[in-house]
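Enquirer: The structure is given below, and queries will be raised subsequently.
The values are calculated or read from the model by the stated rules, or taken from the named source; none is laboratory data. Worth saying up front: this structure is predicted, and the values here are computed from it rather than measured. Neighbour counts are summed over all protein chains in view; Cβ atoms, including those assigned to glycine, are modelled from backbone coordinates with ideal geometry.
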Amino acid sequence: MGSPHPPTASGPGCAAAFPPAYSCRVMEQRCAPAWILTAIVCAVLLAIGGCAGSARAPEAQATEQVRQPVPILMYHVIGPAPTGARLPALFVRPAHFAAQLRALERAGYEAVTMRQVWDAWHHGGRLPRRPVVLSFDDGSAGHVRHALPALRRAGWPGVLNLAWRFLPDTGGESAVRRLVRAGWEIDSHSITHPDLTRLTDAELRSELTESRARIRDAFGARTDFFAYPSGRLDGRVKRAVRAAGYLAATTVRAGYAKPTADPYALPRIQVSGGTSGPALLRRLRDLRP
Ligand SMILES: [Zn+2]
């Protein structure tokens with residue numbers, strides 16, 4: 001939701017366990033403790049045709065799938081739910097998050113940004129064989145403390161849907177810059193996280209344009225994508241999002257995002273606290289178009 005804000009493998013088996021879309025670069029990151037064996041694996045790959053040119057390279061296998069539907073996962077807080085939390089399902093423990101990432105990797109998923117999805121859908125860009133977007137709503141400390149290192153280990157980017165009023169909870173501008181440096185995309189989730197359907201036209205315009213401008217000015221990010229706070233939208237809000245210059249916007253409706261659907265009402269898939277890796281994969285299978 002745009003929520004009510006609540007506040008490796010190693011050795012030879014490593015190569016066998018990698019999803020097909022992986023590059024040697026990512027393999028090195030993942031297998032860092034066993035770099036010698038990784039080097040041997042890469043040397044063998046190079047000997048049989050070059051790692052970059054092998055069937056494992058995303059570019060080599062995505063040609064016919066550039067317009068495919070993409071699951072956009074929706075996370076909120078990465079961290080334990082405090083006692084008495086009003087919406088405990090919005091809290092995902094770091095250990096559960098790490099297990100979900102491992103399950104996604106083993107199943108062959110590779111994380112991408114909204115920009116990559118958009119470019120693949122509309123500008124001939126390429127996606128990996130099994131793309132997934134990991135989006136994090138609001139902005140909170142666990143995004144930097146837990147999600148950032150876990151995603152970095154996988155060599156994956158995240159997408160922060162930042163509501164500007166929660167910037168201090170996230171750790172301030174320096175913390176968000178760490179995300180940007182790690183390849184994260186920073187998108188807008190408004191300034192104050194209001195129910196946009198209840199605002200005047202002027203207030204609505206301010207929430208949409210001001211949040212975009214602040215993110216751009218602070219982080220140099222283009223911020224072409226928006227996430228509706230608490231998933232609240234109607235026709236007027238959608239028109240305002242478009243008029244503010246956003247290319248697309250995500251909701252809390254469950255499902256895959258499709259290139260042929262309304263770009264200002266893209267579904268996502270909420271990942272709730274306690275969701276196991278296998279349960280997440282089942283959910284993705286069940287919702288796949
Ligand atoms: Zn939110």
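Enquirer: Regarding GLY49, is this residue in a loop (DSSP other than H, G, I, E, B), surrounded by fewer than 12 Cβ atoms within 10 Å (Cβ to Cβ) and at pLDDT below 90?
Expert: Against the criterion (in a loop (DSSP other than H, G, I, E, B), surrounded by fewer than 12 Cβ atoms within 10 Å (Cβ to Cβ) and at pLDDT below 90), GLY49 qualifies.
Enquirer: I would also like to ask the following. Right, ARG216: of a type in the set (D, E, K, R), under 24 Å from PRO82 (Cα atoms) and outside any loop (DSSP other than H, G, I, E, B) or not?
Expert: No, not satisfied.
Enquirer: Do we have GLY220 as in contact with a His (Cβ under 8 Å, 6 or more places away or on another chain) and at pLDDT below 95 here?
Expert: no
Enquirer: Determine the pairs where a residue that is part of a loop (DSSP other than H, G, I, E, B), located within region 134-147, has a partner that is among the acidic types (Asp, Glu) and surrounded by fewer than 24 Cβ atoms within 10 Å (Cβ to Cβ) with Cβ atoms under 7 Å apart, the partner being 6 or more residues away or on another chain.
Expert: From residues that are part of a loop (DSSP other than H, G, I, E, B), the pairs are GLY139/ASP169; SER140/ASP169.
Enquirer: So, in region 213-222, exactly how many residues are closer than 21 Å to LEU134 by Cα, crowded, with 16+ Cβ neighbours inside 10 Å and more than 16 Å from the ligand (Cβ to nearest atom)?
Expert: Result for region 213-222: 2.
Enquirer: Answer yes if at least one residue in region 165-177 is within 13 Å of the ligand (Cβ to nearest atom), modelled with pLDDT of 95 or more and closer than 28 Å to ARG67 by Cα, and no otherwise.
Expert: Among the residues of region 165-177, not one is within 13 Å of the ligand (Cβ to nearest atom), modelled with pLDDT of 95 or more and closer than 28 Å to ARG67 by Cα, which makes the answer no.
For (1) farther than 19 Å from THR250 by Cβ; (2) among the hydrophobic types (A, V, I, L, M, F, W, C); (3) not assigned by TED's automatic domain parsing to the domain that holds HIS76, each residue gets a yes or a no:
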residue	(1), (2), (3)
LEU127	no, yes, no
SER135	no, no, no
ALA141	yes, yes, no
ALA154	yes, yes, no
PRO168	yes, no, no
PRO194	no, no, no
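Enquirer: Right, another one. Could you tell me whether ALA279 is under 23 Å from PRO69 (Cα atoms), at pLDDT 95 or above, assigned to a helix (DSSP H, G or I) and among the small types (Gly, Ala, Ser)?
Expert: yes
Enquirer: Could you identify the single residue in SER140, SER206, SER188 that is more than 16 Å from the ligand (Cβ to nearest atom) and not basic (Lys, Arg)?
Expert: SER206
Enquirer: Please verify whether GLY274 is over 16 Å from the mean Cα position of the chain (by Cα), under 26 Å from PRO94 (Cβ atoms), in the same structural domain as GLY79 (by TED's automatic domain parsing) and within 15 Å of the ligand (Cβ to nearest atom), treating the condition exactly as stated.
Expert: Against the criterion (over 16 Å from the mean Cα position of the chain (by Cα), under 26 Å from PRO94 (Cβ atoms), in the same structural domain as GLY79 (by TED's automatic domain parsing) and within 15 Å of the ligand (Cβ to nearest atom)), GLY274 does not qualify.
Enquirer: Which ones in region 191-203 are away from the ligand (no atom under 16 Å from the Cβ) and either in a helix (DSSP H, G or I) or surrounded by 20 or more Cβ atoms within 10 Å (Cβ to Cβ) (or both)?
Expert: ASP201, ALA202, GLU203
Enquirer: For region 135-172, name all the residues that are closer than 20 Å to PRO80 by Cα and β-branched (Val, Ile, Thr).
Expert: VAL144, THR170, listed by residue number.
Enquirer: Is it fair to say VAL180 is under 22 Å from PRO131 (Cβ atoms), outside any loop (DSSP other than H, G, I, E, B) and assigned by TED's automatic domain parsing to the domain that holds PHE136?
Expert: The answer is yes for VAL180.
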